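A short worksheet on the structure shown next.
The values are calculated or read from the model by the stated rules, or taken from the named source; none is laboratory data. What you see is a predicted model; the values in this text were computed from it and never measured. Note that each Cβ is placed from the backbone with ideal geometry, even for glycine, and that neighbours are counted across all protein chains shown.
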Amino acid sequence: MAEGDILHMLIKEEIGVTADIRLVSGGDTANVDEVPDAPIALDASDITGASFTANWHFMENTSGFYLDVATDEDFTAFVVGYENLDVGYVNEYPVVGLLGLVPYYYRLRGYNDIGTGVDSNTITLTTLYTPVYDFDGNVYTYVTIGTQQWLVENLITTHYDDGVAIPNLTLDADWIAEDGTAGHDGAYCWYNNDAVTYADYGCLYNWYAVDNAHGLAPAGWRIPTDVDFDTLVAYSGGDLLVGGKLKETGITHWLTPNTGATNEYAFYGRGSGYRTQSGTFFFLGTYGWLRMSTETAPTIAEYFRMEYDSAEGLLSSSDKRFGYSIRCVRDI
């Protein structure tokens with residue numbers, strides 16, 4: 001008789017049971033007659049801006065574990081590749097490909113030849129902040145709002161993401177000529193063509209820079225669509241409230257009275273004004289326009305607008321040659 005079988009028999013005799021029991025080692029689940037108990041999940045370790053290590057205790061009567069990772073505590077929004085993931089008989093597992101500054105949740109279930117046990121306790125963690133860079137080396141921060149992350153600063157890149165320079169058109173005639181044709185397919189400027197005085201407001205871009213094949217947004221980000229702004233408005237409680245929750249407080253970058261501004265989401269929306277299709281600059285501190293990638297007609301594209309005297313946020317459209325600020329977005 002093998003040594004393990006002798007020990008098994010002696011233990012049974014010692015405790016006076018007739019049901020089959022066994023010692024567990026290394027995930028051996030021979031002769032198991034019930035599913036595993038709930039595992040005990042432990043705090044995450046090695047947390048970065050894009051990954052963490054999930055940890056848990058080994059369990060008896062277990063031959064392996066299933067791992068779930070989600071962005072909500074109800075586990076309805078699973079991270080791709082981490083729903084019921086069979087990680088084998090280990091007590092830690094690296095979770096990768098994540099976004100920075102996002103809350104994540106994980107849990108485990110043990111399994112054996114009989115079946116799968118119940119869920120463990122849930123562990124919550126937040127990944128670290130990872131800076132965002134454009135081609136020029138400018139650094140952007142970002143904030144999580146619902147299921148989205150938005151840049152906190154208006155875009156200021158003077159190059160597309162692949163390194164191609166974006167034309168800086170200061171002359172009204174050149175700005176007027178921007179119609180999307182070859183050689184007229186994307187431009188930017190600073191308010192009043194003054195990069196020093198108005199640097200805090202970011203650049204103003206026409207729609208053709210947004211639609212350019214060279215790509216305007218930093219890697220992993222995008223220029224928002226109307227659907228993105230619809231999601232933001234809905235999360236914020238509707239169009240009558242969204243502007244106030246996004247606007248920077250005070251009157252440094254807004255005219256008084258800056259009605260309803262709470263900056264609840266730390267979005268720091270500013271009254272950056274715009275440049276018309278004829279090249280004229282208007283409404284610095286009065287309105288803040290944010291460009292969308294969505295077009296509604298051959299020469300018309302949509303925008304989102306915040307106002308100095310209202311908590312409202314307006315979605316509308318205008319000529320693609322208008323110069324507006326840009327905030328990039330990504331999903332979580």
Quiz prompt | Residues satisfying the stated conditions in the range 35-69, i.e. among the hydroxyl-bearing types (Ser, Thr, Tyr) and within 27 Å of the chain's Cα centre (by Cα) | solution = SER45, THR48, SER51, THR53, TYR66
Quiz item: Out of the range 208-226, which residues are out of contact with any Ser or Thr (no Cβ under 8 Å at 6 or more places or on another chain) and of a type in the set (A, V, I, L, M, F, W, C)?
Solution: ALA209, ALA213, ALA217, ALA219, TRP221
Quiz prompt | Elements of type strands (runs of 3 or more DSSP E) in the range 261-332, at least 1 residues being within 23 Å of ALA177 (Cα to Cα) and more than 27 Å from the chain's Cα centre (by Cα) | solution = 272-275, 281-284, 287-297, 300-307, 313-319
Quiz item: Hey, does the range 132-146 have a residue that's of a type in the set (Phe, Trp, Tyr), outside any loop (DSSP other than H, G, I, E, B) and surrounded by 15 or more Cβ atoms within 10 Å (Cβ to Cβ)?
Solution: yes
Quiz item: So which residues in the range 92-131 are more than 11 Å from ALA50 (Cα to Cα), assigned to a loop (DSSP other than H, G, I, E, B) and aliphatic (A, V, I, L, M)?
Solution: ILE114, VAL118
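Within the range 86-117, track down each residue that is within 22 Å of GLY220 (Cα to Cα) and surrounded by 14 or more Cβ atoms within 10 Å (Cβ to Cβ).
VAL95, LEU98, LEU99, GLY100, LEU101, VAL102, PRO103, TYR104
Does any residue of the range 246-262 turn out to be polar (S, T, N, Q), crowded, with 19+ Cβ neighbours inside 10 Å, assigned by TED's automatic domain parsing to the domain that holds ASP185 and under 17 Å from GLY202 (Cα atoms)? Full working, then the answer.
First, the residues of the range 246-262 that are polar (S, T, N, Q): 249, 252, 256, 258-259, 262.
Filter once more, keeping what is crowded, with 19+ Cβ neighbours inside 10 Å: 258.
Filter once more, keeping what is assigned by TED's automatic domain parsing to the domain that holds ASP185: 258.
Next cut, under 17 Å from GLY202 (Cα atoms) only: none.
No, every residue in the range 246-262 fails to be polar (S, T, N, Q), crowded, with 19+ Cβ neighbours inside 10 Å, assigned by TED's automatic domain parsing to the domain that holds ASP185 and under 17 Å from GLY202 (Cα atoms).
So which of ASP194, ASP174 is acidic (Asp, Glu), farther than 21 Å from SER317 by Cβ and exposed (fewer than 13 other Cβ atoms within 10 Å of the Cβ)? Let's see the steps before the verdict.
Values: ASP174 fails: exposed (fewer than 13 other Cβ atoms within 10 Å of the Cβ).
Step by step, each of ASP194, ASP174 is checked, and only ASP194 is acidic (Asp, Glu), farther than 21 Å from SER317 by Cβ and exposed (fewer than 13 other Cβ atoms within 10 Å of the Cβ).
Does GLU92 count as in contact with a strand residue (DSSP E or B) (Cβ under 8 Å, 6 or more places away or on another chain), among the acidic types (Asp, Glu) and not assigned by TED's automatic domain parsing to the domain that holds HIS214?
Details: in contact with a strand residue (DSSP E or B) (Cβ under 8 Å, 6 or more places away or on another chain): yes; among the acidic types (Asp, Glu): yes; not assigned by TED's automatic domain parsing to the domain that holds HIS214: yes.
Spelling it out, GLU92 is indeed in contact with a strand residue (DSSP E or B) (Cβ under 8 Å, 6 or more places away or on another chain), among the acidic types (Asp, Glu) and not assigned by TED's automatic domain parsing to the domain that holds HIS214.
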Quiz item: Taking the stated definitions as given, is ASP136 in the same structural domain as ALA217 (by TED's automatic domain parsing) and either more than 15 Å from the chain's Cα centre (by Cα) or among the aliphatic types (A, V, I, L, M) (or both)?
Solution: yes
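Of all the residues that make up the range 212-253, how many are part of a helix (DSSP H, G or I), acidic (Asp, Glu) and over 16 Å from SER293 (Cα atoms)? Talk me through it step by step, then tell me what you get.
Taking the range 212-253 and keeping what is part of a helix (DSSP H, G or I), we get 226-235, 242-246.
Next, only the ones that are acidic (Asp, Glu) stay: 226, 228, 230.
With the extra rule that they be over 16 Å from SER293 (Cα atoms), the set shrinks to none.
Here the count works out to 0.
Please state which one of ALA199, ALA213 is surrounded by fewer than 22 Cβ atoms within 10 Å (Cβ to Cβ), among the aliphatic types (A, V, I, L, M), at pLDDT 95 or above and under 21 Å from ARG330 (Cα atoms).
Working: ALA199 fails: under 21 Å from ARG330 (Cα atoms).
Testing whether each residue is surrounded by fewer than 22 Cβ atoms within 10 Å (Cβ to Cβ), among the aliphatic types (A, V, I, L, M), at pLDDT 95 or above and under 21 Å from ARG330 (Cα atoms) leaves just ALA213.
Taking THR48, is it over 25 Å from PRO131 (Cβ atoms), polar (S, T, N, Q) and either part of a loop (DSSP other than H, G, I, E, B) or free of Cβ contacts under 8 Å to residues at least 40 places away in the same chain (or both)?
Details: over 25 Å from PRO131 (Cβ atoms): no; polar (S, T, N, Q): yes; either part of a loop (DSSP other than H, G, I, E, B) or free of Cβ contacts under 8 Å to residues at least 40 places away in the same chain (or both): yes.
No.
Examine the range 225-235 for a residue that is surrounded by 18 or more Cβ atoms within 10 Å (Cβ to Cβ) and charged (D, E, K, R), and state whether such a residue exists.
Step one: list which residues in the range 225-235 are surrounded by 18 or more Cβ atoms within 10 Å (Cβ to Cβ), which gives 226, 228-229, 231-233.
Those left that are additionally charged (D, E, K, R): 226, 228.
The answer is yes; a qualifying residue exists.
Answer yes if at least one residue in the range 110-121 is β-branched (Val, Ile, Thr), assigned by TED's automatic domain parsing to the domain that holds GLY269 and out of contact with any Gly (no Cβ under 7 Å at 6 or more places or on another chain), and no otherwise. Walk me through how you get there before you give the answer.
Within the range 110-121, the subset β-branched (Val, Ile, Thr) is 114, 116, 118.
Among the residues that remain, those that are also assigned by TED's automatic domain parsing to the domain that holds GLY269 are: none.
Looking for residues that are β-branched (Val, Ile, Thr), assigned by TED's automatic domain parsing to the domain that holds GLY269 and out of contact with any Gly (no Cβ under 7 Å at 6 or more places or on another chain), one finds none in the range 110-121, hence no.
Tell me yes or no: at least one residue of the range 46-57 is at pLDDT below 95 and surrounded by 12 or more Cβ atoms within 10 Å (Cβ to Cβ). If you could, list the steps in order and put the result at the bottom.
Within the range 46-57, the first condition is being at pLDDT below 95, and the residues that meet it are none.
Within the range 46-57, none of the residues are at pLDDT below 95 and surrounded by 12 or more Cβ atoms within 10 Å (Cβ to Cβ).
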